[in-house]
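Visitor: Here's a structure for you.
Read-outs: derived from the displayed coordinates by stated rules, not from any lab. All values reported here derive from a predicted model rather than from experimental measurement. So basically every Cβ, Gly included, is an ideal-geometry build from the backbone, and we count neighbours across all protein chains shown.
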Amino acid sequence: MATLLSTISLIAAAQLSAPPRFQTLMFFGFITSVLTLLFFLHQRRYRRAVLALAICLAALSVYAFLQGAWPVGIVEVVWSAATFARWRRSAKTGRYLHLGTPLANAFSPWTPRHRMSRLFDSN
């Protein structure tokens, strides 16, 4: 009995002093989450960011399924498919002028100049 307790105490001491193991799956989830947030912030400015967001969302769904959170994985698959469809639609409509022009400023009919001309123009 004494040898069993000493063996257990040695194993516990070794586990406490050992550094934590690197978890590849956790790192993959962290990187894809950070990239998803980054591309989500830039999706209105750059068409490529919308495609990158769709790819990151698909990667997050893979992470969720591997982690065991399958409801989150299903939501991420649907969100990724919708984002990819939005990216394909933007290619057909040409809603993005070029990489430096924000979408909101390029095509908004509600810029101050348009509002003033609608109010005070004599058409």
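Visitor: Just to check I understand the Karplus step: with θ = phi - 60° and J = 6.51 cos²θ - 1.76 cosθ + 1.60, what whole-Hz values come out for segment 41-54, glycine and proline as x?
Guide: The phi angles translate into 5, 9, 5, 7, 8, 10, 5, 5, 5, 5, 5, 5, 5, 4 Hz.
Visitor: Then there is this: Charges only on Cβ, +1 for Lys and Arg, -1 for Asp and Glu: so what's the dipole of segment 24-95 about the Cα centre, in debye to the nearest 20? Could you put the intermediate results ahead of the total?
Guide: Numbers: 9 positive and 1 negative charges, 130 e Å.
Roughly 620 debye, rounded to the nearest 20.
Visitor: Further, regarding this structure: Taking square-rooted eigenvalues a ≥ b ≥ c of the alpha carbon gyration tensor, is segment 24-95 rounded, prolate or oblate, where a/c under 1.5 means rounded and, failing that, a/b exceeding b/c means prolate? Before the final figure, lay out each step's value.
Guide: Numbers: a/c = 3.44, a/b = 1.77, b/c = 1.94.
Cα axes put segment 24-95 in the oblate bin.
Visitor: OK, next. For the charge dipole of segment 24-95, defined by +1 on Lys and Arg C-beta atoms and -1 on Asp and Glu C-beta atoms about the Cα centroid, which residue among 67, 82, 46 has the Cα displaced farthest towards the positive pole?
Guide: 46
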